[in-house]
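The structure appears below as structure tokens.
The values are calculated or read from the model by the stated rules, or taken from the named source; none is laboratory data. Treat the numbers as computed from the prediction; the structure is a model and nothing was measured. So basically every Cβ, Gly included, is an ideal-geometry build from the backbone, and we count neighbours across all protein chains shown.
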Amino acid sequence: MSEKLRRSVTEQAFIEDEDTIARLSKDFYWYSPVLDKELAGKTADYVIVPETEEELKRAMQAAVEEKIPVTVRGGGTGNYGQAVPMTGGLVVDVSRLTEILEIGEGFVRVQAGARLREIEKAIHETGQELTIYPSTFVKATAGGFVSGGSGGIGSVTWGNLWDGNVISAKILTMEAEVRGLTVSGDELQPYIHSYGTTGIMTEVTIPIKPKSRWVQQIYAFTDFTAALEFSRAAAQSEKWKKRLVSVMEAPISAFFKPFKKQIGTPNRALVLIEIEESNQAALEKKAEGFHGEAIYTAPADEYRKGMGISDFTWNHTTLWALKADKRWTYLQNFFSLDGLHEQVRQIKDRFGNEVLLHFEWLRDKGRLIPAALPLVKFESREQLYEVIRFFNEIGAHTNDPHTYLLGAGGWDMQMEAIAQKKKENDPFDLLNQEKIPAAASIRGTINVQ
Ligand SMILES: Cc1cc2nc3c(=O)[nH]c(=O)nc-3n(C[C@H](O)[C@H](O)[C@H](O)COP(=O)(O)OP(=O)(O)OC[C@H]3O[C@@H](n4cnc5c(N)ncnc54)[C@H](O)[C@@H]3O)c2cc1C
């Protein structure tokens, strides 16, 4: 036990209970049977839950002086074991740093531990809304999303985290004298999705947009090709304002128990859309053209009241599959816009219903992409990587979610810039140890897949 660390925070902020420490040392890595095995038993020695930034800074000064490894935790909803303390040490839970500091026209500045749903609630009162957020927005924090997420609801219009969806951030360094920095523009790159390896985010400023009236729609199709084409038309349309366009193969709908009655039997392919109220009639007409049946509508006044359709999309789809059968796991892929149907055909021919497809349409640097989080019925590590190899061979690029190593997942990360920033801000290598593969810092920019 480090007395210096212990004395740097209040009694309430220092967690000693072993069960709580074990719980706060985990995230949602168990969606991956590979990570579930690799990360089992990794536990912090201490957890602190600071109530103020000053308290956090004091604790970080003590950690630097005592050379204690530090892993930051927001909502702990990450899927890659990003928040798991690989070498023990200290987990810093920032979930009490929740203040919404400033709401302006087009931006909101918050403490890093503010939850995205609470932020959206607050900015709604000023007639504004978030651009993008993960489907875990009830629990996920602003700092955790920027440091460990990628995109989500809203990405079909506004892109992912690298597409201007972060304006600036305040960072604490882990230098001999702990220091606060404010970074913006291109300087943000080594902090986005870098798992807190380059600094501790204490504040985040994100862009916001005028609020829309979102209608939630589910359409059912007997033909997956028609569902895909309808979803593409909705995602591509310049005229329609939309926040979410997801499309699921028929067998996936069997996992969505709350919609069992509406889906009927046999199971059907589904398209889930959040569309601006004024565009709903045009969408309805378009769906008819593709023989889609509207099976569920939640009017704009119902938005955010109870369960929403986004609770079935992105990686929440995997959650529903896991509820039905624990063998399901998932991948993350970028399919090709032009070759989409052929790629789908090849996958179905090769794997049948051992792999189930759902697409989450998004923009990446302005380009529309059929991104997917395919469900894979897991048998073994070898089988999983055989599936990944096949996807990559047919051009459906995989961002591997079964690794905790930053840069090894396939995201186009600027590893050289990250390694450089880590050297500057964290010269004793205390932050989120072992998440950056040693080779990455000497190999420079890597894109493994
Ligand atoms: C069912 C399900 C659905 C999901 N859907 C999506 C989705 O749609 N889109 C998406 O992008 N992700 C998704 N995720 C992953 C995850 O929920 C999000 O990325 C989320 O934004 C993470 O936020 P968090 O606060 O829980 O971060 P955490 O899990 O606590 O942390 C994530 C990473 O950031 C670091 N970190 C946290 N806070 C800070 C800080 N203040 N300073 C520095 N580093 C910090 C942590 O060390 C960790 O490496 C999903 C996960 C699940 C389980």
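Annotations
- Test set (1) assigned to a loop (DSSP other than H, G, I, E, B); (2) within 14 Å of the ligand (Cβ to nearest atom); (3) outside the structural domain of Ser168 (by TED's automatic domain parsing); (4) of a type outside the set (A, V, I, L, M) - Gly88 fails condition number: (2)
- Residues of the stretch 305-357 satisfying the condition of being within 17 Å of Gly395 (Cα to Cα) and of a type in the set (A, V, I, L, M, F, W, C): Leu331, Phe334, Phe335, Leu337, Leu340, Val344, Ile347, Phe351, Val355, Leu357
- Residue within the stretch 351-363 that is surrounded by fewer than 23 Cβ atoms within 10 Å (Cβ to Cβ), among the basic types (Lys, Arg) and over 17 Å from the mean Cα position of the chain (by Cα) present: no
- Residue selected from the stretch 99-130 under the condition part of a loop (DSSP other than H, G, I, E, B) and of a type outside the set (A, V, I, L, M), by the criterion surrounded by the most Cβ atoms within 10 Å (Cβ to Cβ): Gly113
- Restricting the stretch 296-343 to residues that are more than 16 Å from the ligand (Cβ to nearest atom) and on the phi > 0 side of the Ramachandran plot leaves a set whose member that is modelled with the highest pLDDT is Arg304.
- Candidate set from the stretch 131-141 (those that are buried (at least 21 other Cβ atoms within 10 Å of the Cβ) and either among the aromatic types (Phe, Trp, Tyr) or near the ligand (Cβ under 8 Å from one of its atoms) (or both)); member that is nearest to Val70 (Cα to Cα): Thr141
- Looking across the stretch 17-56 at every residue that is more than 16 Å from the ligand (Cβ to nearest atom) and surrounded by fewer than 17 Cβ atoms within 10 Å (Cβ to Cβ), the one that is farthest from Gln82 (Cα to Cα) is identified as Asp17.
- Selected residue (criterion: farthest from the chain's Cα centre (by Cα)) from residues of the stretch 1-36 that are in a helix (DSSP H, G or I) and of a type in the set (Gly, Ala, Ser): Ser8
So that you can scan it fast, the table gives a plain yes or no per residue for (1) surrounded by 19 or more Cβ atoms within 10 Å (Cβ to Cβ); (2) closer than 30 Å to Gly106 by Cβ; (3) not assigned by TED's automatic domain parsing to the domain that holds Ser336:
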{"site": "Phe224", "(1), (2), (3)": "yes, no, no"}
{"site": "Trp240", "(1), (2), (3)": "yes, yes, no"}
{"site": "Ser253", "(1), (2), (3)": "yes, no, no"}
{"site": "Pro258", "(1), (2), (3)": "no, no, no"}
{"site": "Ala269", "(1), (2), (3)": "yes, no, no"}
{"site": "Lys286", "(1), (2), (3)": "no, no, no"}
{"site": "Ala300", "(1), (2), (3)": "no, yes, no"}
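Each row is one residue, and each column tells you yes or no for (1) without any contact (Cβ under 8 Å) to a residue 24 or more places away in the chain; (2) in a loop (DSSP other than H, G, I, E, B); (3) within 13 Å of the ligand (Cβ to nearest atom).
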{"residue": "Gly144", "(1), (2), (3)": "no, no, yes"}
{"residue": "Ser150", "(1), (2), (3)": "no, yes, yes"}
{"residue": "Val156", "(1), (2), (3)": "no, no, yes"}
{"residue": "Val166", "(1), (2), (3)": "no, yes, yes"}
{"residue": "Glu175", "(1), (2), (3)": "no, yes, no"}
{"residue": "Asp186", "(1), (2), (3)": "yes, no, no"}
{"residue": "Pro190", "(1), (2), (3)": "no, no, yes"}
{"residue": "His193", "(1), (2), (3)": "no, yes, yes"}
{"residue": "Lys209", "(1), (2), (3)": "no, no, no"}
